[in-house]
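Worksheet: the structure to be examined is printed underneath.
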Amino acid sequence: MFIGRYHHTIDPKGRVSIPARYRNALAQYEGHLIVVPDDDCLNVYPFEAWERLVSAINEQSRFDEEVRKLGRLWISLAREAELDGAGRVLLAPDSRQRVGLVKDVTLVGIGREFFEVWDRGRFEEYERMHGDGLRGSYARLSQLGVK
């Protein structure tokens, strides 16, 4: 599981350093990663976690139009990546462009088996727009039975 926020920069070659805590978690996966754009950020999955996700999707009917659309519009954007010896990952130019990553980024661990890479300004704006709604999220957790 990945948690916390870390500020980094993308170097001129398109690489971003992965925080030591995330690298330690990734070590068990031998550095094989999948990077896929989401709405406003890139999601970085250990390869095995990505395989589990895709496997769960593939258990659904191949004739389900929503599943097919998900494959065409999201899964097809996924790129394999490697954690290099210096603890960096190369973010493909088209993936960076799709979510507006240029230089300053925030890596965000949301308590799942993947982490997000946001443009720093975009994430700060997201936090400004949604930060006040945290109390509502607590109420939703309570409705779901989380104690």
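The table for this structure:
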read-out	value
Filter result (over 15 Å from residue 106 (Cα atoms), touching a Leu at 6+ places or on another chain (Cβ under 8 Å) and among the aromatic types (Phe, Trp, Tyr)) within the stretch 1-46	45
Any chance residue 88 is farther than 19 Å from residue 5 by Cα and touching a strand residue (DSSP E or B) at 6+ places or on another chain (Cβ under 6 Å)	no
Matching helices (runs of 4 or more DSSP H) fully within the stretch 1-104 where at least 2 residues are closer than 22 Å to residue 119 by Cα and not aromatic (Phe, Trp, Tyr)	20-26, 93-99
Hits in the stretch 23-39 - residues which are over 10 Å from the mean Cα position of the chain (by Cα) and at pLDDT below 95	23, 24, 25, 26, 27, 28, 29, 30, 31, 32, 39
Failed criterion for residue 82 (all others in (1) touching a strand residue (DSSP E or B) at 6+ places or on another chain (Cβ under 8 Å); (2) surrounded by fewer than 16 Cβ atoms within 10 Å (Cβ to Cβ); (3) modelled with pLDDT of 95 or more; (4) over 19 Å from residue 5 (Cβ atoms) hold)	(3)
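The values are calculated or read from the model by the stated rules, or taken from the named source; none is laboratory data. Just so it is clear, the model here is predicted, and its values are computed rather than measured. Counting neighbours? That spans all protein chains shown, and the Cβs are built from the backbone with ideal geometry, glycine included.
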